[in-house]
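**Student:** The following block contains the structure, expressed as structure tokens.
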Amino acid sequence: MPLVPQIFPIPAEPVPGRRSELFATLRRIDGWGSGAWREVYSAWRLRHCLLGIDDLEAGVSRDEDDRVAAFVVVIPDHALGRPGDAGRDAATCDWVLRRAWDEVISGAPLTVTTHRPGQAVRANNACLFNVPTPGQPPTLVLRLLVRLPMAGMCCDGKALMRFLRRLERFADGLCRRRARPTLERHRHAVAVQQALRAALDEHGLVAFVADGARLARAGDGTAMPGCRPWRTPTAERLTIRLGRLGTIRGLGIRRGVTAVAGAPYHGKSTLLAALAAGRDDHLPDDGRELVVADASVLAIQAEDGRRIKDTDLSRFFAKLPGNNSRRFSTTRASGATSMGASLVQGISAGSRLLLVDEDSAASNFLSIDPVMRRLLGIALNGITTLLDLLPALAAAGINSVLVAGSNHQSLLASDRVVLMQDYQPQDVTVRMRRLLPQTRRRGRPAGTTLPTRILADEADCLFGPRHFLRVDVTEPERPLVNDTALDLRRCGWDLDKALVRGALAAAAWCCRLAAGKPLTTSELKRRYEDFLATYGVRGLDPFDTALITVPPWQLVVTVLERLERPVIRS
């Protein structure tokens with residue numbers, strides 16, 4: 001098996017070098033040629049932390065005078081509390097990583113980078129708790145990429161010493177309880193969101209929007225200045241008690257089919273985007289920190305030109321030109337077939353909440369109005385639209401939230417209608433029934449057969465003989481996987497480089513978890529979750545080759561279904 005450079009190894013030297021020795025070395029090599037940096041590649045005992053410095057020249061830098069090194073900072077476990085609960089650990093590491101950007105990276109005397117977290121709190125390997133071996137205490141690990149400072153053609157040892165002192169001040173702040181008052185607030189926000197999400201099923205809900213939430217987003221993803229806080233009308237206000245975490249009041253989205261209606265620029269699509277983001281935990285003051293949704297939520301939209309692999313679309317199309325609708329494949333899907341495939345694949349992978357915005361949907365897949373049906377006549381035989389199918393899906397436990405701004409048929413297919421006016425909600429279900437008494441929805445169909453998707457390919461169809469992928473995520477929405485482009489531009493996810501790397505690594509490991517045997521995506525999900533529970537984020541990249549984020553399961557399925565391999569069939 002070919003060797004891969006470990007760019008972020010956790011220091012394992014039994015006797016790390018002393019701080020005084022490191023600083024003496026930096027003074028000595030100051031002004032030497034770039035090759036002198038090799039004398040600092042080791043583990044060192046600094047104040048309040050252990051530091052590992054590793055050479056990246058072989059794997060990253062080709063310029064002898066422009067060297068990049070991996071700095072691995074190890075903090076004692078007692079500084080931030082011992083790990084245990086996954087949510088609490090993710091919140092702690094997320095807080096440390098954001099603080100590192102503020103106190104270590106921004107304004108540093110040299111070029112430093114690492115994974116920059118967005119608005120969601122997700123586990124990643126840029127900052128994580130590590131348990132080296134049984135019986136040893138856990139530690140907190142922070143990984144940085146540092147461009148070693150040069151003064152012309154010579155090593156700038158003094159600049160690196162200034163950076164190391166800055167790093168020590170940062171580690172000292174983490175060890176001082178009084179210097180981190182926002183940590184508990186960070187942990188509390190995540191704990192409340194996870195408890196609220198866990199309480200949805202008990203209250204018959206699929207999503208919840210708390211009073212005071214600020215849903216509109218600015219260009220950088222933060223809450224838009226001046227955004228009106230969410231206020232639920234008293235008649236519809238629901239109270240959820242979370243014990244010691246407090247009491248939350250707001251609007252609950254019940255099981256079934258919910259339509260969100262309203263004029264343009266009144267908050268319909270903004271609400272849907274907030275519900276899609278509700279699968280993740282968010283920061284305090286994000287504005288959506290009390291907007292939660294079923295973790296399996298999936299936004300469905302038209303993706304013209306996407307790949308479809310052997311997918312049963314016969315529930316929507318009895319016939320498709322040149323293809324068997326029960327085993328439909330194409331490399332350039334239409335808007336309608338792409339939405340049908342995303343729906344089938346998402347449900348098979350375990351999604352129990354679908355989000356559909358008519359602005360981004362294929363209109364002929366969403367619905368066909370009565371006049372057009374009369375015009376097209378028998379040409380529509382065997383075609384079932386999404387709105388026709390939603391009641392059957394709801395009876396089978398697949399819930400939906402639809403945005404309706406111009407098509408009243410979405411209202412007729414719904415159990416509940418929420419009207420958005422000036423970003424404020426109002427339940428208008430009764431009013432809608434009165435406006436359209438002659439076209440009330442008929443009774444629910446008995447149900448529908450839920451699709452099954454099977455992964456049936458070699459265990460190493462993505463990894464090959466390695467344990468890592470060759471990935472280029474310069475453009476996250478169009479990554480190169482083993483030199484093959486993958487189009488994720490309209491897949492419904494906000495992507496960054498670390499999240500895409502994590503999703504691709506997870507997809508490759510899922511093939512190995514299937515072990516070359518046909519496996520349904522529902523069983524694959526169970527194995528993937530067990531894998532993460534056992535190995536965590538380091539299981540996805542055991543050789544520490546890149547910065548990755550743990551991806552949600554539905555994103556992993558999105559990647560699996562759009563890659564040329566593995567083979568997945570209905």
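Quick note: the coordinates plus some simple rules give every number you see, no bench work behind them. Because the structure is predicted, anything quoted here is derived from the model rather than measured. Cβ atoms come from the backbone with ideal geometry, glycine included; neighbour counts cover every protein chain shown.
**Student:** Relative to the longest principal axis of the C-alpha atoms of the chain, give the angle of the C-alpha long axis of helix 521-535, reported between 0 and 90° and rounded to the nearest 10°.
**Tutor:** Helix 521-535 sits roughly 20 degrees off the main axis of the chain.
**Student:** Quick one: net charge of PRO264's neighbours, Cβ under 15 Å, K/R +1, D/E -1?
**Tutor:** Residues near PRO264 contribute -3 overall.
**Student:** Can you compute the FRET efficiency between ALA86 and ALA456 using 1/(1 + (r/R0)^6), with r the Cβ-Cβ distance and R0 = 45 Å? Round to the nearest 0.05. Can you show the working numbers first?
**Tutor:** Working: r = 32 Å, r/R0 = 0.70.
After rounding to 0.05, the efficiency reads 0.90.
**Student:** Straight-line reach from LYS158: which aspartates and glutamates have Cα under 16 Å away, leaving out those fewer than 8 places along the same chain?
**Tutor:** Qualifying aspartates and glutamates at Cα under 16 Å: GLU21, ASP30, GLU39, GLU168.
**Student:** While we're on this one: Report the local net charge at CYS510: Lys and Arg +1, Asp and Glu -1, summed over other residues whose C-beta lies under 13 Å from its C-beta.
**Tutor:** Result for the neighbourhood of CYS510: 0.
**Student:** Turning to a different aspect of this structure: Starting from the amide H of ARG279, placed 1.01 Å from N in the peptide plane, find each other amide H under 5 Å away whose residue is 5 or more places distant or on another chain.
**Tutor:** ALA293
**Student:** On to the next question. Less than 9 Å Cβ to Cβ from SER296, Lys/Arg counted +1 and Asp/Glu -1: what total charge do the surrounding residues give?
**Tutor:** +1
**Student:** Using the Karplus equation 6.51 cos²θ - 1.76 cosθ + 1.60 (θ = phi - 60°), what ³J(HN,Hα) coupling, rounded to whole Hz, does each residue of segment 339-354 give in order, writing x for Gly and Pro?
**Tutor:** Each residue of segment 339-354 in turn: 5, x, 5, 4, 5, 4, 5, x, 5, 4, 7, x, 5, 10, 8, 10 Hz.
**Student:** Further, regarding this structure: Would you list, by chain and number, the aspartates and glutamates whose Cα falls below 20 Å from the Cα of LYS517, excluding same-chain residues fewer than 8 positions away?
**Tutor:** Answer for LYS517, where 20 Å is the Cα cut-off: ASP310, ASP457, GLU458, ASP460, GLU529, ASP530, GLU561, GLU564, listed by chain and number.
**Student:** Fewest Cβ neighbours within 10 Å first, please rank LYS525, LYS158 accordingly. Let's see the in-between values first.
**Tutor:** Values: LYS525 19, LYS158 15.
Ascending Cβ contact count within 10 Å gives the list LYS158, LYS525.
**Student:** If you don't mind, another one. Can you sort VAL74, VAL68 so the residue with the fewest Cβ neighbours within 10 Å comes first?
**Tutor:** Ordered by Cβ neighbours within 10 Å, fewest first: VAL68, VAL74.
**Student:** Taking square-rooted eigenvalues a ≥ b ≥ c of the alpha carbon gyration tensor, is segment 454-569 rounded, prolate or oblate, where a/c under 1.5 means rounded and, failing that, a/b exceeding b/c means prolate?
**Tutor:** Note, shape of segment 454-569 comes out rounded.
**Student:** Using θ = phi - 60° and the Karplus relation 6.51 cos²θ - 1.76 cosθ + 1.60, list the HN-Hα couplings for segment 99-105 in order, rounded to whole Hz, with x at every Gly or Pro.
**Tutor:** Rounded to whole hertz, the list is 5, 4, 5, 6, 9, 10, 7.
**Student:** While we're looking at this one, here's another question. Order of 490-503, 202-215 by packing, highest average Cβ count within 10 Å first?
**Tutor:** 490-503, 202-215
**Student:** Under a 5 Å amide H to amide H cut-off, with H placed in plane at 1.01 Å, what residues pair with GLY17 once short-range neighbours are removed?
**Tutor:** ALA43, TRP44, ARG45
**Student:** Rounded to whole Å, give me the distance from the Cα center of segment 502-565 to that of segment 129-198.
**Tutor:** For segment 502-565 versus segment 129-198, the Cα centre distance is 27 Å.
**Student:** If I model a spin label as a point 7 Å beyond the Cα along the Cα-Cβ vector, how far apart are those points for ALA218 and ARG165 in nm?
**Tutor:** Roughly 3.5 nm, to one decimal.
**Student:** So, one more: If each residue's Cβ is checked for other Cβ atoms within 10 Å, how do HIS266, HIS115 rank with the fewest at the top?
**Tutor:** On the way: HIS266 18, HIS115 24.
Final ranking by Cβ density, sparse to dense: HIS266, HIS115.
**Student:** Using a 4.7 Å Cβ cut-off, which Cys residues in the chain lack a partner cysteine?
**Tutor:** If one checks each Cβ against the other cysteines of the chain, CYS49, CYS154, CYS155, CYS175, CYS227, CYS461, CYS491, CYS510, CYS511 turn up with nothing under 4.7 Å.
**Student:** Please list 3J(HN,Hα) in residue order for segment 466-475, calculated via the Karplus relation 6.51 cos²θ - 1.76 cosθ + 1.60 where θ = phi - 60°; whole Hz, with x for glycine and proline.
**Tutor:** In residue order, the calculated couplings are 9, 10, 8, 9, 8, 10, 10, 10, 3, 10 Hz.
**Student:** Once you compute Rg and the Kirkwood Rh from C-alpha atoms, what is the Rg to Rh ratio for segment 17-180?
**Tutor:** Rg divided by Rh gives 0.98.
**Student:** Measure nothing fancy, just the Cα-based angle from helix 386-395's long axis to the longest principal axis of the chain, in degrees from 0 to 90, nearest 10.
**Tutor:** 80 degrees
**Student:** Using a ≥ b ≥ c from the Cα gyration tensor of segment 508-570 (square roots of the eigenvalues), is it rounded, prolate or oblate, where a/c under 1.5 gives rounded and otherwise the larger of a/b and b/c decides, a/b for prolate?
**Tutor:** Prolate shape, in that a/c is at least 1.5 and a/b is the bigger ratio.
**Student:** Right, another one. Roughly how tilted is helix 19-29, in degrees to the nearest 10 and between 0 and 90, from the longest Cα axis of the chain?
**Tutor:** For 19-29 against the chain, the angle is about 80 degrees.
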